Amino acid sequence: MSVDQAIELANEIPLFFETEIRKLSLAHNMILANSLESKVDDPRFDNSAMDGWAVKEADCTTPNSKLEIIGTIQAGSSEQIEVKQGQACRIMTGAPIPSGADSIVMIEDSVILDGFVSIIGPARPHFIRKQGENITIGEIGLESGSKLKPSHLAMAAMMGYAEIPVIKPPKIAIIGTGDELIEPGQPLEAGQIYESNTTALVGLVSEMGCEPVKFPFVSDDINSLRKAFDLAASECDAILTSGGVSMGEWDLVRRLMEKEGDIKFWKILIKPGGPPLFGSWKNTPLFGLPGNPVSSQIVFLSIVVPWISNSCGYHPIQGPKLFDKVRVKLLSAAKGTKNKVTLRRIQISERDDILIGEVPENQGSGNLRSMIDCNGLTFLPMGVDGKPGDIIDALWLR
Ligand code: AMP
Ligand code: MG
């Protein structure tokens with residue numbers, strides 16, 4: 001099954017989510033659940049972009065013109081002042097433009113005399129910020145499915161919202177499996193390794209706007225696995241497992257899902273990626289990710305990311321993103337695979353105004369270090385080899 005077919009099938013069992021209303025101060029990095037229209041014009045009224053003088057431009061065309069000072073207007077003021085010919089009103093940044101004025105002279109371009117101001121620089125109409133030039137009442141300022149970064153939250157505030165609807169992060173259970181696994185920090189015995197996949201998955205899940213719920217990892221024992229699945233299905237909206245989905249005798253996630261779960265697909269045509277599995281356990285969607293550390297992350301990026309984005313209606317540009325699709329020029333060869341999309345780890349950097357990709361040698365799917373040393377993945381279509389100098393599709397990891 002191709003990656004696209006797998007995503008399509010997974011989308012048939014979407015991730016369940018609810019929405020909630022949050023105060024702006026508690027909404028950082030959450031996902032906006034509805035588009036928001038502005039409740040105000042921005043700017044709300046014509047105002048000064050500078051500290052200076054509100055004047056008539058025509059009064060300032062001759063050098064050193066002398067204008068009568070008629071008052072001062074500050075930000076927040078509602079005072080009605082009219083600037084007539086030959087007059088200037090002192091004005092602060094953000095203050096409403098007095099009637100009659102059509103330009104601003106910067107304070108640096110003036111000299112104050114007795115009751116008069118001598119204008120020694122230009123009067124500029126564009127130092128007036130026009131009402132509604134940024135956004136008008138009723139216009140959509142923030143799109144549904146946007147990840148709320150500080151500027152988004154400030155925009156919501158500017159538009160008049162004290163609280164906003166956000167996606168309540170769906171809970172995603174993360175379950176590692178394998179007899180060889182030991183919690184980092186504990187002493188190791190022969191044949192054992194530190195468990196690391198679930199730690200990566202916790203980060204990836206939360207980057208995608210969901211709440212990771214890490215379960216104790218499970219040994220290769222069908223009863224323990226069943227118990228863990230039952231608990232996860234009762235407490236969470238989806239389940240991610242790592243390991244135990246290949247062809248081996250001890251690949252019990254696959255065996256249990258075959259016997260007692262509901263499998264939608266097993267194996268997709270990507271390399272690395274092993275044979276991931278998707279289906280449901282007691283109506284809870286479940287991704288069985290491969291155990292190899294690189295594969296588990298790559299499969300998450302390839303199929304879990306689009307599944308979450310689609311389920312929750314994330315915005316294609318403003319929504320959570322773990323990578324950007326880019327074109328890179330290969331500096332060295334990146335071997336493809338006959339009937340699989342190949343995601344080789346590459347180092348992407350900029351050279352002579354284009355992105356280049358270097359392909360390190362050690363591409364083992366167990367080589368977690370290669371995910372640190374590299375910041376990108378090739379996206380080589382089936383049967384396509386990347387030769388030095390080729391410009392190819394790639395994913396630039398954020
Ligand atoms: P499996 O898919 O269970 O056959 O595992 C494939 C490889 O990934 C084996 O070398 C495992 O030891 C390793 N592996 C599986 N799960 C984890 C994990 N949670 N953390 C680190 N390595 C793992
Ligand atoms: Mg295993």
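The values are calculated or read from the model by the stated rules, or taken from the named source; none is laboratory data. Computed from a predicted model, the values in this text were never measured in an experiment. Neighbour counts run over all protein chains shown; Cβ positions are idealised from the backbone, glycine included. Keep in mind that these areas ignore ligands, DNA and RNA; they rest on the heavy atoms of the full protein, side chains included. Shrake-Rupley method; radii C 1.70, N 1.55, O 1.52, S 1.80 Å.
Only strands (runs of 3 or more DSSP E) whose full extent lies in the stretch 1-82 are considered here, and the ones with at least 2 residues that are under 30 Å from Met208 (Cα atoms) are 18-23.
Would you point out the residue of the stretch 126-136, among those that are more than 26 Å from His28 (Cβ to Cβ) and open to solvent by 60 Å² or more (accessible area, probe 1.4 Å), that is nearest to the chain's Cα centre (by Cα)? This residue is Glu133.
Considering the stretch 168-183, the residues that are open to solvent by less than 70 Å² (accessible area, probe 1.4 Å) and not in a strand (DSSP E or B) include one that is nearest to ligand 1 (Cβ to nearest atom), namely Gly178. Within the stretch 113-126, residues that are assigned to a loop (DSSP other than H, G, I, E, B) sit with their Cβ atoms under 7 Å from residues that are modelled with pLDDT under 95, at 6+ positions apart or across chains, in these pairs: Ile120/Asn64.
For Ser234, the test of being of a type in the set (S, T, N, Q) and more than 26 Å from the chain's Cα centre (by Cα) is passed. Note on the stretch 218-251: residues that are away from ligand 2 (no atom under 12 Å from the Cβ), open to solvent by 40 Å² or more (accessible area, probe 1.4 Å) and part of a loop (DSSP other than H, G, I, E, B) total 1. For the stretch 184-206, residues that are near ligand 1 (Cβ under 8 Å from one of its atoms) and either surrounded by 15 or more Cβ atoms within 10 Å (Cβ to Cβ) or part of a helix (DSSP H, G or I) (or both) total 4. Once the stretch 256-292 is narrowed to residues that are at pLDDT below 95 and within 13 Å of ligand 2 (Cβ to nearest atom), the residue that is nearest to Val384 (Cα to Cα) is Gly274. Would you say Gly319 is at pLDDT 95 or above and at positive phi? Criteria not met by Gly319.
Among residues that are in the same structural domain as Thr61 (by TED's automatic domain parsing), in contact with a Pro (Cβ under 6 Å, 6 or more places away or on another chain), away from ligand 1 (no atom under 16 Å from the Cβ) and not aliphatic (A, V, I, L, M), Ser118 is not included.
Could you please let me know if Ser144 is open to solvent by less than 70 Å² (accessible area, probe 1.4 Å), touching a Gly at 6+ places or on another chain (Cβ under 7 Å) and either of a type in the set (Lys, Arg) or not assigned by TED's automatic domain parsing to the domain that holds Phe300 (or both)? So Ser144 passes the test.
Picking from residues in the stretch 28-75 that are among the small types (Gly, Ala, Ser) and over 35 Å from the mean Cα position of the chain (by Cα), the one that is most open to solvent (accessible area, probe 1.4 Å) is Ala58. Within the stretch 207-217, the set of residues being more than 12 Å from ligand 2 (Cβ to nearest atom), closer than 25 Å to Met257 by Cβ and open to solvent by 30 Å² or more (accessible area, probe 1.4 Å) comprises Glu211, Pro212, Val213, Lys214, Pro216. Answer yes if at least one residue in the stretch 225-238 is touching a helix residue (DSSP H, G or I) at 6+ places or on another chain (Cβ under 9 Å) and within 14 Å of ligand 1 (Cβ to nearest atom), and no otherwise. Yes, the stretch 225-238 contains a residue that is touching a helix residue (DSSP H, G or I) at 6+ places or on another chain (Cβ under 9 Å) and within 14 Å of ligand 1 (Cβ to nearest atom). Restricting attention to the stretch 239-265, the residues that are among the acidic types (Asp, Glu), out of contact with any Gly (no Cβ under 8 Å at 6 or more places or on another chain) and within 12 Å of ligand 1 (Cβ to nearest atom) add up to 1.
Could we say that Ser151 is closer than 19 Å to Gly319 by Cβ, more than 16 Å from ligand 2 (Cβ to nearest atom), under 14 Å from the mean Cα position of the chain (by Cα) and open to solvent by less than 20 Å² (accessible area, probe 1.4 Å) here? No, not satisfied.
For the stretch 85-110, the set of residues classified as over 49 Å from the mean Cα position of the chain (by Cα) and either free of Cβ contacts under 8 Å to residues at least 24 places away in the same chain or within 17 Å of His126 (Cα to Cα) (or both) is empty.
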